[in-house]
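Below is one structure, written out as C-alpha cells, with a few remarks after it.
The numbers here are math on the coordinates, done by the rules we state, and not lab data. These numbers were taken from a predicted model, which means no experiment stands behind them. Cβ: placed from backbone, ideal geometry, glycine included. Neighbour counts: every protein chain shown.
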C-alpha cells in the first residue's frame, strides 16, 4: 500500500512541533501552554509512527503509545495545578507566577 | 564436676537477670532472697566440685570444658572455656562462700533502701563476674571476667548515684582499673602475636631468646594485678571506694575484686617465673604498699577507710608472698584475710547501721558497752588481722613473712618491711578498736543507741528511706541476717587458720601444688623465727595503741609534717592530679583555643561562607519566569542543532 512519501509526514510533524514550541514560548496562559505542549508531543509521535511504518518495525508505535500515556498523566497534573491556581484567585499568567524567583 | 562448675558459674548470673527482668513484680525482700539463694547455690556447687576433685589423684585434678567457640580469627580460636582445678576451686569456694554471707547480711543492711532490687542484681552480677574470672579456662575469658568485675564494682561503688562523691569514687575506681585492663590486654596481644595458646593451664612455653618478650608480658599482667588489687602506684581508688554501701566494701575487699590480682599472679606463675625480675618487682610493690597503707591507716578518721587501708596492707603481704614464690602461703592468707576482713567490715557495718550512717570514729566511743556482740566480733577480727595466735591471721601471715628469709638479701629487706608492717598493723587496728569500742559511751553514741529508735539505718541516707517505712523493727545490734553472718565469720576467723600450720601440716599448699609449685620454702626454724618476731611486733603495736588510746598514758606524738603527709595519703592523688589531670586539661584547653577554634572551626566557617556566596550568585539566574526558561531551553537546543549540522 503506497501512501504519501515519508518527507510529507516529517514536514507535518515538524510543523506541528514548531507550532507547539511557538505556543509555549509566546503565550502566557498556562492552559494554552499546556495545549501547546500536547501539540509538540503529538508532533513527535507523528514522526515516530512514520519512521516505524517506513522500517516495518512496531517498536516506534509502542513508544508513541507510551508517550500518549505520559502525556495524559502530565495533563492531569498540569490541569490540577491550574485549578489550584484558579482557586487561589490568582491571575492565569505565567509571567506573574514567579514565586520561585531566586 | 563440669556440670557443677557450670552451675556454680551461672547461678548468680541467672539471679541477676531474674531480678532485673522481673522489675517491680517481685518484692524487695524477694530480690534479696533470690540473690542470696543463687550465691548459696554457687557455694553448694563449688563444694560438690571440691569433693569430686578431692577423690581424684592430684595429677588429674584439672578439667576444662568449652561451651562454644566464642571468637574465631584465622587460626586463632577462643572458646567460652572454663577450667576447674585446685586453684580455681579454692577461689570459687572463697568467692561464693564469703559472697553468700555478705549478700545475706545485705538483706538486713539494705532493708528500707529505695533501690534494693538494683542492689541485689548488682551484687549477684559481681559474684558472677568474679566466678567467671576465677573459673576462666583461657586468658580472654579471664579478661572478660576481669572487666566485668571492674564494671560491677563501678556500679556498686556508685550505687548511691545521687551522692556526687560516690559517683566520683566509682569513676575513679573504673579508670584506675582500666589502666590495668589495658596493660593486661597488651600482654595478651603479645602472647597471641607469638603464637602462644591462651588456654589455661597449658601455656607460655616462650622459647629462649625472648627474654624481653616474657618480661613485657609479665609486666603487663602485673599492671593488671596491681590495678585490681590496689597496690602502689594504682592504689588510690580503694579508699575512695568506701563511698559504696558497707557490704559492698566487704565484698570488694574480702571475697572479690582486690584478691583478683593475687589470683592472677598465682594463676600465671608460669609466666612470672620466667621473668624473675618482674616477680621481685611485684614483691617490692607489695612491700611498699603494706608499709604505706599501714602508715596512712594510722591517721584516718573514717572507720571504713581504716579498714580499707588495712586491706591494702594485707594485699601487700599477699603480693610479697606471691612475689617471693610462696604461692600457697599467699593464697592461704587470701583466704584467712577474706574471713577476717569480711568480719571487720560487716561488724563496722553493724556500728554504722546502728549509728544512722555515722562513720567518723571521733564521734564514736564506748560503742562496745551498748553493742557487746559487735565488740567481740570486731575484737576477733582485729586480733586475726594483727596475727595474734591462735587467730587465723597468725598462721597465714607468718608463713609469708618467713618466705622472706629463704630468698637472699632481697628477701631480708622484704622480711624487715613485713615486720614493720606487722607492728603498724597492731597499732592501727587497735587504735581503731580502742577508740570505737571500750569506755563510756560518747554523747553521740548514747543519743543513737539509748533511745532504741535510731533513725533510718542507711549511711547518710535518711532522705532515701520511704516515708512511713519502719526500718528498725529490730532492737539493738541488728536483724538476725546481719548478726548471724557476722557470727559465722567470727567463728571462721578464729578457726580458719588451723587449716594450715606450715611447720606441721599444710593441706592448702599441697592442694595448690599441682597448679603453682612454690619455690620459696622456708624451713621450720625460719618459720618459728618469723612467727616470733611478727607476733612480738604485733603485740608491741597493740601495746603502743593501748598506751596511747586505751590507758592514755602517752600522747599522740605531734609531728606536723608527717601527719600532713599521711593525711594526704603521701600526696598520690595530688601527684596524679598534677601529672595527668592538669596537663590533660591544659592540653584540651590549648587545643580548643589554638587548634579547634581557628583551624578546624575557621576552615568550616570559610567553606560554608564560600558556598553561601556561590549559591546567592547562582540564584539570580532563577527569575521565576517560566517562559524565560523555555526560551533558554529552545535557544540552547537550536544552538546544539546548528553545531551538529555544522560539524557534519
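Key figures
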item: FRET efficiency for residue B:510 and residue B:277, using Cβ-Cβ distance with R0 set to 35 Å, rounded to 0.05; result: 0.75
item: Fraction of alpha-carbon pairs over 45 Å apart in the protein assembly as shown - percent; result: 41 percent
item: Residue order, fewest to most surrounding Cβ atoms within 10 angstrom, among B:587, B:290; result: B:587, B:290
item: Cβ-based exposure ranking for B:581, B:263, in which fewest neighbours within 10 Å come first; result: B:581, B:263
item: For peptides B:366-375, B:37-46, sequence by mean Cβ density within 10 Å, most packed first; result: B:37-46, B:366-375
item: For segment B:258-348, convex hull of alpha carbons as volume per residue, Å³; result: 70 Å³
item: Neighbouring partner chain Cβ atoms per residue of A:16-26, average, 10 Å criterion; result: 2
item: Calculated FRET efficiency for the pair residue B:76/residue B:614, C-beta based, R₀ 35 Å, to 0.05; result: 0.10
item: Sorted by Cβ density within 10 Å, fewest first, the residues A:55, B:568, B:337; result: A:55, B:568, B:337
item: Gained length - residue B:175 relative to residue B:162, 0.36 nm times residue gap less alpha-carbon distance; result: 2.7 nm
item: Orientation-averaged projected area, Cα convex hull of chain B (nm²); result: 43.8 nm²
item: Extension gain (nm, one decimal) between residue B:27 and residue B:588, 0.36 nm per residue minus Cα-Cα; result: 197.2 nm
item: Rh (Kirkwood; distinct C-alpha pairs) - chain A, Å; result: 15.4 Å
item: Rg(Cα) / (2.2 N^0.38 Å) computed for segment B:20-159, rounded to two decimals; result: 1.17
